[in-house]
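Can you read through this structure? Questions will come right after.
The values are calculated or read from the model by the stated rules, or taken from the named source; none is laboratory data. Predicted model only: the values in this text are computed from it and were never measured. Cβ atoms come from the backbone with ideal geometry, glycine included; neighbour counts cover every protein chain shown. These area figures cover heavy atoms from the full protein model, side chains too; ligands, DNA and RNA do not enter into them. Shrake-Rupley method; radii C 1.70, N 1.55, O 1.52, S 1.80 Å.
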Amino acid sequence: MTETTATATADHANANNTAFAIIAALSFCHLLNDMMQSMLAAIYPMLKASYGLDFGQIGFLTFTFQVTASLLQPLVGIYTDRRPQPYSLSIGMGFTLVGLILLAFAHQFWLLLAAASLVGVGSSVFHPESSRMARMASGGRHGLAQSLFQVGGNFGSALGPLLAAFVVAPRGQSSVAGFSFAALVAMIVLWQVGNWYSRRRAANAKRPVGHIHVALPRSRVILALGVLGILVFSKYVYMASLSSYYTFYLIDRFGLSIRDSQLLLFVFLGAVAAGTIIGGPIGDRFGRKYVIWGSILGVLPFTLALPYANLFWTAILTVVIGLVLASAFSAIIVFAQELVPGKVGMIAGLFFGFAFGIGGTGAAVLGYVADVKGIGFVYHLCSFLPLLGLLTVFLPNIEGSKAAARRK
């Protein structure tokens, strides 16, 4: 008995080590994936100047990328819930590689749209299945796993504008092709992750795994998912106002150079990355509903102050906004997955897809608003979006119900 227990303990420790290595690999590939994607938004000022694009066309470019991703992600999630595809991540990254090469050499607006759509397809394949793998590797610490997975994407999104400022801007649009090497590296790493996924699924199929699920009425689940969707709407429309138009706002209001505006965008996106990694562990420890409350509604005073701030306080406020607002998403994803157990891929695809789609739609609408009313008006309008955080009151107390179920 003692030998068996010792062996089981050692195997469990080895499994945990492997799991954290897999989460790190997924986070690294998420970094590369979102770095390549953010390259598109980061070179918007260069594309606008080179091709004479207006804000509406810039918004439509974002819309094409994000809607391509959003429409496919739930479908990918539903399919892989039924038939998991361990090597789909590597194949999906191939679409991103082709999209980057096309983006580097496109000289017409419709080719830019085609490149954006290919990058979107790569994203639609990557996010649902990689989120499932991160959850499988979590050892029950789902919030931590999601945060570690997502923070790679956030750091990648922050790195994209920095690389655009110091690599793409001096060397021109064609230099984007060099970043296709990152897609190739990600394809190799993800193939190895696919090997682990295949082995892990085979091992898990041989032993039962017990989970405590709290059964809620269907109407309550639908209401909660609707509330979470509205909260994602408020978060990602506001984030779209910063990720797509923050550089233009800084140039227009404060007269900054393109490079300086991209550096401040990098600072904002770095704060988003920090907020993402903080949110998951706090949600595991204190409850995800509290994180959602504090993140969405708690950012309201800072968003209301932003349109009236000078350059120094604009930089400070956007850091606080990025830090606080970003902490919600991993909590929202895990909360939704616990509402609908057994549908990890579908929920991940639905929420990642909705986030991309609403971000793209928001970017397009805000682009037209900026053309008509001015870029400053966009930030006055969006400053009220965090008020929707009040709807968190309608979310069920899942953590409390689970704790009661464990005591029975």
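Could you grab me the full set of residues in region 72-96 that are small (Gly, Ala, Ser) and either out of contact with any helix residue (DSSP H, G or I) (no Cβ under 9 Å at 6 or more places or on another chain) or under 16 Å from MET133 (Cα atoms) (or both)?
Across region 72-96, the qualifying residues are GLY77, SER88, SER90, GLY92.
Residue by residue, here is whether (1) of a type in the set (Gly, Ala, Ser); (2) surrounded by fewer than 23 Cβ atoms within 10 Å (Cβ to Cβ); (3) in contact with a helix residue (DSSP H, G or I) (Cβ under 6 Å, 6 or more places away or on another chain); (4) assigned to a helix (DSSP H, G or I) holds:
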| site | (1), (2), (3), (4) |
| --- | --- |
| GLY152 | yes, no, yes, yes |
| ALA177 | yes, yes, yes, yes |
| ILE188 | no, yes, no, yes |
| TRP196 | no, yes, yes, yes |
| ALA202 | yes, yes, no, yes |
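Condition check: farther than 20 Å from LEU366 by Cβ, crowded, with 24+ Cβ neighbours inside 10 Å and either modelled with pLDDT of 80 or more or in contact with a helix residue (DSSP H, G or I) (Cβ under 9 Å, 6 or more places away or on another chain) (or both). Does LEU26 satisfy that?
Values: farther than 20 Å from LEU366 by Cβ: yes; crowded, with 24+ Cβ neighbours inside 10 Å: yes; either modelled with pLDDT of 80 or more or in contact with a helix residue (DSSP H, G or I) (Cβ under 9 Å, 6 or more places away or on another chain) (or both): yes.
When the stated conditions are applied, LEU26 passes them.
Next question, about the same structure. Against the definition (in contact with a helix residue (DSSP H, G or I) (Cβ under 9 Å, 6 or more places away or on another chain), open to solvent by 10 Å² or more (accessible area, probe 1.4 Å) and at pLDDT 85 or above), how does VAL369 come out, yes or no?
On the way: in contact with a helix residue (DSSP H, G or I) (Cβ under 9 Å, 6 or more places away or on another chain): yes; open to solvent by 10 Å² or more (accessible area, probe 1.4 Å): yes; at pLDDT 85 or above: yes.
It is true that VAL369 is in contact with a helix residue (DSSP H, G or I) (Cβ under 9 Å, 6 or more places away or on another chain), open to solvent by 10 Å² or more (accessible area, probe 1.4 Å) and at pLDDT 85 or above.
When you check ALA336 against the structure, is it surrounded by 24 or more Cβ atoms within 10 Å (Cβ to Cβ) and within 23 Å of PHE149 (Cβ to Cβ), yes or no?
Against the criterion (surrounded by 24 or more Cβ atoms within 10 Å (Cβ to Cβ) and within 23 Å of PHE149 (Cβ to Cβ)), ALA336 does not qualify.
Would you check if there is a residue in region 35-55 being under 19 Å from GLN146 (Cα atoms), in a helix (DSSP H, G or I) and under 20 Å from the mean Cα position of the chain (by Cα)?
yes
Another one. Restricting attention to region 315-370, report how many residues are without any contact (Cβ under 8 Å) to a residue 60 or more places away in the chain and of a type in the set (Ser, Thr, Tyr).
Summing the residues that are without any contact (Cβ under 8 Å) to a residue 60 or more places away in the chain and of a type in the set (Ser, Thr, Tyr) in region 315-370 gives 1.
Output the number of residues of region 116-142 satisfying the condition of being part of a helix (DSSP H, G or I) and surrounded by fewer than 24 Cβ atoms within 10 Å (Cβ to Cβ).
7
Test of understanding: among VAL168, VAL151, VAL176, which residue is within 27 Å of GLN337 (Cα to Cα) and among the aliphatic types (A, V, I, L, M)?
Only one candidate passes the filter, namely VAL151.
Has region 282-301 got any residue that is β-branched (Val, Ile, Thr), part of a helix (DSSP H, G or I) and surrounded by fewer than 19 Cβ atoms within 10 Å (Cβ to Cβ)?
Among the residues of region 282-301, not one is β-branched (Val, Ile, Thr), part of a helix (DSSP H, G or I) and surrounded by fewer than 19 Cβ atoms within 10 Å (Cβ to Cβ), which makes the answer no.
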